[in-house]
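So the structure is just underneath, and the comments pick up after that.
The values are calculated or read from the model by the stated rules, or taken from the named source; none is laboratory data. All figures in this text were calculated on a predicted structure; none of them were measured in a lab. Because the Cβ atoms are built from the backbone with ideal geometry, glycine has one as well, and the counts that use them run over all protein chains shown.
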Amino acid sequence: MSDDFTLSKYMKILLQSKFPQFRLLDSKEFLDHLKKRGIKRQISDLEFYDKMNMIKPVLRLHGALQESVFKRCPKTLSMLSLQDYLTQNLVEFPSDNDYKIWKEWVDKWGDPLCMYYHPVQIVGFEHVTNGVKLHLGVQKFLDITDPVNYVTIVKKNYLKDLKGWQKSMKDHWLPRMGFLMLLEESYSPDVTQEYFGGTNLNTSFEKWQEWKSNEFSTKSVIQNSSFTKEDIFALYNLLARINHDDPLGNWFPLQSIIKKSRKRQLIGEALVSQDYYDFATMVRHFIKDEFNEDVLPPDDLGDDKWH
């Protein structure tokens, strides 16, 4: 089955990483992740986006490791905690058009599957799902004289728009999110100042630094993403210039002296802006490593956003 509308291709690559730097979020934790950034959604919304091939979970987790153990969905899931599930074939990757009502996704013990999302999905989530909202003001509602005909026209236009958003997700946003996921292993620890370890408990930060210096190849990212140089520069410009009403934008130079841990306590647009700054900075470092070219930092390139 195809996975053109999923991030399964990239998740499978990440699971082969030596120093995977991701924390997956279960559906409730992902909703909380969005809420802290001023994006309010419900479980029913996530299920709808799954059904529409808009934003699908990056993986589904089957059951407890032992039948006698009551299953709980960990709020966050790292590679280290995933290993046993992978060994026992309890991890399932979504594919195109595999949607069914979420309550019907159950494991062999009859428990609901755990749906997990990647934090980078906020990139596509924010821009694509905003486009599938329906807006009907009071004045417009009162002006409707033929409700049946009006609903028919609105539904037709909505389905047309929906196809456009699905194409946008498939052709543009999914590859962009996938590329950012591929950068995490090599760039996230330095950019975010968070290190999630590796595939075992003895994988120190120093080991990661040694791997980054001696083994990592930018060519592998190019190969796995199929991104061209033009794609990468376009992504950097997009991330740096995306217009957010950052309440801290006028004080951007001062933000450099604030610890990342304190910045992560921000909320709303201020926190979303930090996310995009980190994404853009990873791409900027990659451009330097792969093409030996210096580009303006996001705060200079995206003056309309950061200042």
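Observations
- Consider region 258-307 and keep the residues that are small (Gly, Ala, Ser) and either modelled with pLDDT of 80 or more or not assigned by TED's automatic domain parsing to the domain that holds GLU185 (or both). The one that is nearest to MET181 (Cα to Cα) is ALA280.
- Check on GLU126, over 28 Å from TYR85 (Cβ atoms), at pLDDT 70 or above and either surrounded by 16 or more Cβ atoms within 10 Å (Cβ to Cβ) or assigned by TED's automatic domain parsing to the domain that holds MET79 (or both): yes
- The residue that is surrounded by the most Cβ atoms within 10 Å (Cβ to Cβ), counting only those in region 27-65 that are in contact with a Gly (Cβ under 9 Å, 6 or more places away or on another chain) and under 13 Å from PRO119 (Cα atoms), is ILE55.
- In region 176-218, of all residues being hydroxyl-bearing (Ser, Thr, Tyr) and touching a residue at least 12 places away in the same chain (Cβ under 8 Å), the one that is farthest from ASP84 (Cα to Cα) corresponds to THR218.
- When every residue of region 95-113 is checked against the conditions, none turns out to be surrounded by 16 or more Cβ atoms within 10 Å (Cβ to Cβ) and touching a Ser or Thr at 6+ places or on another chain (Cβ under 7 Å).
- Here LYS103 meets the list (1) in contact with a His (Cβ under 8 Å, 6 or more places away or on another chain); (2) more than 30 Å from GLN274 (Cβ to Cβ) almost entirely, failing just condition (1).
- Candidates GLU184, GLU206, GLU210: the one that is at pLDDT 95 or above and part of a helix (DSSP H, G or I) is GLU184.
- Meets criteria (modelled with pLDDT of 75 or more, under 30 Å from ASP26 (Cα atoms) and either among the aliphatic types (A, V, I, L, M) or in the same structural domain as ALA240 (by TED's automatic domain parsing) (or both)) for VAL120: yes
- Flag set for LYS160, criterion: out of contact with any Gly (no Cβ under 6 Å at 6 or more places or on another chain), without any contact (Cβ under 8 Å) to a residue 40 or more places away in the chain, part of a helix (DSSP H, G or I) and not assigned by TED's automatic domain parsing to the domain that holds SER220.
- Of the residues making up region 106-115, one or more are at positive phi and modelled with pLDDT under 85.
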